[in-house]
1. List the helices (runs of 4 or more DSSP H) that sit entirely inside region 146-264 and contain at least 2 residues that are closer than 20 Å to residue 23 by Cβ.
2. Report yes if some residue within region 6-28 is in contact with a Lys or Arg (Cβ under 9 Å, 6 or more places away or on another chain), more than 22 Å from residue 178 (Cβ to Cβ) and assigned to a loop (DSSP other than H, G, I, E, B); otherwise report no.
3. Which one of these is under 20 Å from residue 177 (Cβ atoms), surrounded by fewer than 22 Cβ atoms within 10 Å (Cβ to Cβ) and within 16 Å of the ligand (Cβ to nearest atom): 116, 138?
4. Among 179, 214, 133, which is within 16 Å of residue 118 (Cα to Cα) and within 14 Å of the ligand (Cβ to nearest atom)?
Amino acid sequence: MKLTVKAVLEKKGKEKIAALTAYDFPFARILDEVGLDIVLVGDSLGMVLLGYDSTLPVTMREMIHHTKAVSRAVKRSLVVSDMPFGTYQASAEQALRNARRLIQEGGADAVKLEGGGPRAKQVKVLVEAGIPVMGHLGMTPQSATQLGGYKVQGREEEAAKEILEDAQRLEEAGIFSLVLECVPSQLAERITQKISCPTIGIGAGPKTDGQILVLHDLLGFKGKVEPRFVRRYADFETEAQKAFSRYLKDVRSGSFPALKESFE
Ligand code: KIV
């Protein structure tokens with residue numbers, strides 16, 4: 001049975017929420033079968049799949065394309081799709097038009113957008129239109145240049161207070177969960193205690209209601225950015241290199257294909 005937004009909300013304080021990104025059918029299918037709660041089609045796809053230097057060039061067309069592939073594979077997990085840069089900041093109308101496309105054309109269950117208080121209006125309008133919204137605070141990659149790079153945010157008390165207030169404003173606007181990226185763990189814990197919807201941490205320590213990682217980081221692919229907080233659960237980069245090198249050798253030597261791998 002499909003996990004609902006309500007079920008995700010009810011996990012707070014009871015069970016940790018496990019989320020990962022996915023951008024294609026095969027990995028999304030595996031995550032769903034393993035039982036991940038949330039599959040995020042992150043705009044990180046711009047960096048990990050498409051080779052851009054940041055998430056800024058990612059378009060609605062690219063997000064819809066990948067969200068469709070993920071939604072086709074997922075039966076149980078909640079599919080959240082990222083709103084790309086420039087598709088929601090200008091106005092609530094713009095946000096609604098583009099969020100609707102991710103839901104209707106992409107097949108997502110919910111959308112995620114970055115930023116604090118100034119985005120509360122967009123969140124409210126989407127939620128009123130029946131679109132569940134995940135918030136994203138701390139090191140928000142779409143604003144990395146403004147934030148001074150991919151750096152921890154909220155170390156100073158003033159900055160921490162601002163992030164906490166943003167979290168509260170987004171909560172009031174109706175988000176069903178909040179990604180906290182690269183913030184000190186004490187701040188993530190403080191926010192987790194203060195707001196009633198679940199917090200999902202990435203580089204935010206162990207005290208959030210859930211965790212998320214970028215799939216390709218977890219699998220051990222070399223990335224454009226290699227954050228310290230990532231735990232590599234596999235070494236796909238080396239395994240892929242080994243498999244491709246063996247294939248190359250076998251083709252060159254003529255040992256692939258063997259007769260049994262050929263038609264009579
Ligand atoms: O785009 C993404 O993958 C994200 C996660 C890092 C939370 O926003």
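Taken together, the values in this text are just the output of simple stated rules run on the coordinates, not laboratory data. These numbers were taken from a predicted model, which means no experiment stands behind them. For neighbour counting, all protein chains shown are included, and Cβ atoms are generated from backbone atoms with ideal geometry for every residue, glycine included.
1. Those helices (runs of 4 or more DSSP H) span 215-218, 236-253.
2. Looking through region 6-28, none of the residues is in contact with a Lys or Arg (Cβ under 9 Å, 6 or more places away or on another chain), more than 22 Å from residue 178 (Cβ to Cβ) and assigned to a loop (DSSP other than H, G, I, E, B).
3. 116
4. Testing whether each residue is within 16 Å of residue 118 (Cα to Cα) and within 14 Å of the ligand (Cβ to nearest atom) leaves just 133.
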